[in-house]
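Remarks on the structure that follows.
The values are calculated or read from the model by the stated rules, or taken from the named source; none is laboratory data. All of these numbers come straight from a predicted model, not from anything done at the bench. A quick note on method: Cβ atoms are made from the backbone with ideal geometry, for glycine too, and the neighbour counts reach across all protein chains shown.
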């Protein structure tokens, strides 16, 4: 830090002299006009429909699953359709509810532990995460980074499946921020990795997953 | 009712017949016109080219030319009008006599179509013009002053007039004052884009109610040997028998 | 920037634009604007205006209290295990990054698209030390491979066709491919994945910095932002000091404005929020805060709003000038309307003053800017700096222009001379007339007639007025 001091001091001096007339006061409050009222949620069913619709607009695939049996059926279909042979999943109580590990073993899908090497996870077919929150307005899932759910789990595999409990739905991004703002790292995921950099042609799965699934699980 | 004519330097030197028609229309509806001869130029060409001090000096002189007069000051231009209305008060420090004068005069200036529709509440001048007509939206008139409806209202009352949509009507025509001589190639490209849209509209006439835009588009149509004619709204109303 | 002060000749640049560039620019802009209009309508026009106002006011609040927020940011980043560096200029910033690289024996770097790193020419500095740099945004990867400059701030390769890109990949990457965007993207994906997994250092810019918690926000669609900032052992972020937001509520407002303004999506695929160091992430996080002329812009109360820019590109999408000349014509990192106010302030009016005249002042940019930057006002302010000079710079206008302005004022400021000039004009130009038109005007109006004929001055309004007043008694005249 001592090497940078002259630069730091000079920049602060320049900023303060540029703002001469404004008296320095500890964290002056923002004026009311700098605030914007957050969105209000509608009825839960409507919010769920909205979430699914928005994810589909972003080229994601969606589903509602109720109960273990429905989940098992849907999951089997996903594994078959996407040709999944390897999967990595975080550690979450929701998986136990649906017996996910057993399902995977039954489908002969190799389970990689979350602390596998990045190279192994990069070659993995399916990453499964549970959303800490979901924002129906934009089809967004909040994924907080923890040891059990490192962020590249949702980034490196070819297919990404997000499970969303209905309680996770929030009205507005403000609330998602209130939840996660003190984390060291979190991501808002809204749809598939995409680009239109070549002649404005939409291409999915640039660097991130090529296929993105969101299931509302009750 | 009495009004003062704000003829604009472009208007006086390059569109004097249009100004005559403006007088004709106003007098026909019972408005007495006066012409403060010393107005010359409001100063915008100087100010907008970066010569703000010169622009201020011209402004003081312009205000003096109108100072002994009363009534609305009517202009056939949104650009010059906006300069007096918005810029003059900003040119002088608040509390000074010049600022007060600027605020007073800013309250008096009015664009022609605005004056007819909003002040005189006149929308039908008895004009008739049975042709297909498109309407260009000059940047300072529409985006700057928010004068959009007044032209439409006046055109809608013209008998037989078929108003056709103009694609990208609010896109700048490429005049931009000094821009047209600073970057002539780009100015031409923008003008040509506007002319292409005018041609595509199938209009026989295009209304261009801004002196700068008018000489730009009219010149462009001439260069293309186009059959389309560009007219100021004032000229169209006059042609249709309103003056 | 890096001390180069070669004059940007906008007019010359506009005369060399390939038609393909213009066509691509317009296609891209039209698409983005149409989608933006849809999402703004969905949001509600009135609500959108309130959101813009909130965006403006919070950005200006942050800028007018910049020292407080910079201090808070530094405190929070440091408390979270990150290291904060201060760079007064481009050389200093590059030196800081090179020091970090050398301390870690860095041989290859993966990079997220960042305008500020182009501003300081960071790649050049790294490559000069033998460090390989991979741009990882598809568009940036392509222009890097082609050795070109990006032509738009959010769609860097929009001026290139898929055929050109296929040729480029065949030549530089030695691969077989069709000119198909999906195939081309797949090639880039495979190649860059290897680089992500093996890189020694990841470099990014930053869309925003949240002072409240010391958080860096990256807004991307492709996923490379996450790759570069999660996989390599060291992450260096270079961010302009003006990118600061006071708190998380402000971040919410900004994210509602940004994606909609860029391209009409409601949100981008990935928004990454990084605070210091974390378990399982890079071992070291370095934040380099860059001045490079921003504090000088801050001094000017009228032009200060330039710094509110969130780099969405909406102003250039709607600018008719930009749409006819493309991004390269602006001769610097930032094109379009924002470029025409930012570049002259960063490089000085001697070098870039011409850009302040690259506008018809139509106002479309100010109207679309999500944070309500009064771009046309700032253009006028900078034109004054060019012609008259001000507190920050002396005039850079050629003596001939100043003399012409003086002469013109002398004539137009005197009613007698003004009228005389009018009469002389009518007389002297008469021989050039063809009917109502003059096809070649004398200088400087010869530039007008390059593009279209000039209306031959005819008729004398004052004469007409005085005659009818005398004859009919109609109308009066005021003399002062």
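A few comments on the model shown:
- Scanning the stretch C:116-143 for residues that are touching a strand residue (DSSP E or B) at 6+ places or on another chain (Cβ under 7 Å) and free of Cβ contacts under 8 Å to residues at least 24 places away in the same chain, we see that the one that is nearest to the other protein chains (Cβ to nearest Cβ) is C:123.
- Residue identified as buried (at least 16 other Cβ atoms within 10 Å of the Cβ) and on the phi > 0 side of the Ramachandran plot among C:435, C:459: C:459
- All of (1) farther than 26 Å from residue A:122 by Cβ; (2) in contact (Cβ under 8 Å) with a residue 40 or more places away in the chain; (3) within 9 Å of chain A (Cβ to nearest Cβ) hold for residue C:154 with one exception: (3).
- Tally, over the stretch B:2-22, of residues that are in contact with a strand residue (DSSP E or B) (Cβ under 7 Å, 6 or more places away or on another chain) and more than 13 Å from residue C:459 (Cβ to Cβ): 6
- Looking at B:198, B:153, just one residue is buried (at least 22 other Cβ atoms within 10 Å of the Cβ) and not assigned by TED's automatic domain parsing to the domain that holds residue B:45, and that residue is B:198.
- Out of C:184, C:218, sole residue that is assigned to a strand (DSSP E or B), touching a helix residue (DSSP H, G or I) at 6+ places or on another chain (Cβ under 8 Å) and not assigned by TED's automatic domain parsing to the domain that holds residue C:321: C:218
- Check on residue B:90, closer than 30 Å to residue B:128 by Cβ and not assigned by TED's automatic domain parsing to the domain that holds residue B:232: no
- In summary, helices (runs of 4 or more DSSP H) completely within the stretch B:1-79 and bearing 2 or more residues that are more than 10 Å from chain C (Cβ to nearest Cβ) occur at B:16-28, B:52-67.
- Pairs linking a residue in the stretch C:436-452 that is within 15 Å of residue B:188 (Cα to Cα) to a residue that is part of a strand (DSSP E or B), with Cβ atoms under 6 Å and 6 or more positions apart or on different chains, are C:448/C:454.
- Filter result for residue C:383 (facing another protein chain (nearest Cβ under 7 Å) and over 30 Å from residue B:66 (Cα atoms)): no
- Filter pass, residue B:168 being out of contact with any strand residue (DSSP E or B) (no Cβ under 9 Å at 6 or more places or on another chain) and assigned to a loop (DSSP other than H, G, I, E, B): yes
- Residue within the stretch A:165-183 that is buried (at least 24 other Cβ atoms within 10 Å of the Cβ), more than 8 Å from chain C (Cβ to nearest Cβ) and part of a strand (DSSP E or B) present: no
- In the stretch A:81-114, residue farthest from the chain's Cα centre (by Cα) [restricted to those that are exposed (fewer than 12 other Cβ atoms within 10 Å of the Cβ) and touching a residue at least 24 places away in the same chain (Cβ under 8 Å)]: A:83
- Options B:86, B:99; residue that is under 21 Å from residue C:362 (Cα atoms) and surrounded by fewer than 17 Cβ atoms within 10 Å (Cβ to Cβ): B:86
- So residue C:194, is it outside any helix (DSSP H, G or I), more than 27 Å from the chain's Cα centre (by Cα) and without any contact (Cβ under 8 Å) to a residue 60 or more places away in the chain: no
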